[in-house]
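The block underneath contains the structure these notes are about, expressed in structure tokens.
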Amino acid sequence: YDVPVLFDFTANTVDAKSVFNSMMFLYFGLSVLWITGTQKPNIWQTATITNVVFMTSLAVGRLISILLYGWPSTIFIIGLLVELILAIWGILNLKKY
């Protein structure tokens, strides 16, 4: 659970490893829903709504962190931009369709 390649962080307790595992499987599960939504029209709207909520929540959390703690490293700024783009794109698609 060392992730020094991208981040200066190590999960070295059972609790920290548990949080990492649960969050990664949440991301994985939602990704499966979003990908499935691109192939199955009957769940497209649900997939798009969950994507908008998820990406908006991540972006808002990052913006709050910027306000409270200052600017993060470049990779987190890129993440913020991607999250905002995906949230806006999802909203525009929900309005269009």
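As an exercise, identify the chymotrypsin sites (Phe, Trp or Tyr not before Pro) in region 1-92 lying in DSSP coil whose Cβ has no more than 13 other Cβ atoms within 10 Å.
1, 7, 9
Mind pulling the per residue volume of the convex hull built on the Cα atoms of the chain? Å³ is fine. Write out the running numbers ahead of the final one.
Numbers: hull volume 11.1 nm³, N = 97.
Taking only Cα atoms, the chain has a hull volume of 115 Å³ per residue.
Helix 74-96 versus the longest principal axis of the chain: what angle, 0 to 90°, nearest 10, using Cα atoms?
On a 0 to 90 degree scale, this one is about 20.
Any idea what diffusion coefficient region 57-97 gets from Stokes-Einstein, in µm²/s, Kirkwood Rh on alpha carbon pairs, 37 °C, 0.692 mPa s? Show your work: numbers first, answer last.
Working: Rh = 10.9 Å.
D = 300 µm²/s.
Please report the carbon-and-sulfur percent of the accessible area for the chain; probe 1.4 Å, protein heavy atoms only, DNA, RNA and ligands left out. Walk me through the numbers on the way to the answer.
Details: 5210 of 7380 Å².
Looking at the chain in its full context, I get 71 percent from C and S.
At 10 °C and a viscosity of 1.306 mPa s, what translational diffusion coefficient does Stokes-Einstein give for region 22-67, taking Rh as the Kirkwood radius over Cα pairs? Give it in µm²/s as a whole number. Kindly include the intermediate steps, with their values, before the conclusion.
Numbers: Rh = 11.4 Å.
For the chosen part, D equals 140 µm²/s.
Once label points are set 7 Å from the Cα along Cα→Cβ at both residue 12 and residue 93, what is their separation, rounded to one decimal in nm?
Distance between the two pseudo-spin positions: 4.2 nm.
Given the rule -39500 (n - 2.57) for each run of at least 4 DSSP H residues, summed and divided by the residues of the chain, what is its mean residue ellipticity at 222 nm, to the nearest 500 deg cm²/dmol? Please report the intermediate quantities before stating the final value.
Values: 3 runs with 78 residues, N = 97.
Taken over the chain, the calculation gives -28500 deg cm²/dmol.
Please compute the modelled spin-label separation between residue 24 and residue 67, points set 7 Å along Cα→Cβ, answer in nm with one decimal.
So the two model labels end up 3.2 nm from each other.
From largest accessible area down, sort 48, 36; use a 1.4 Å probe on the protein chains. Walk me through the numbers before you get to the answer.
Values: 48 20, 36 45 Å².
Output order, biggest surface exposure first: 36, 48.
Keeping every protein chain present and rolling a 1.4 Å probe, give me the accessible area per residue for region 14-97 in Å². Before the final figure, lay out each step's value.
On the way: 6170 Å² over 84 residues.
Ligands and nucleic acids excluded, the result is 74 Å² per residue.
Give a residue-ordered list of calculated ³J(HN,Hα) values for region 57-67 (Karplus: 6.51 cos²θ - 1.76 cosθ + 1.60, θ = phi - 60°; whole Hz; x for Gly, Pro).
Rounded to whole hertz, the list is 4, 4, 5, 5, x, 5, 5, 4, 4, 4, 5.
The values are calculated or read from the model by the stated rules, or taken from the named source; none is laboratory data. Being a predicted model, the structure only gives us computed values, none of them experimental. Neighbour counts are summed over all protein chains in view; Cβ atoms, including those assigned to glycine, are modelled from backbone coordinates with ideal geometry. Accessible surface areas use protein heavy atoms only, side chains included; no ligands, DNA or RNA. Shrake-Rupley method; radii C 1.70, N 1.55, O 1.52, S 1.80 Å.
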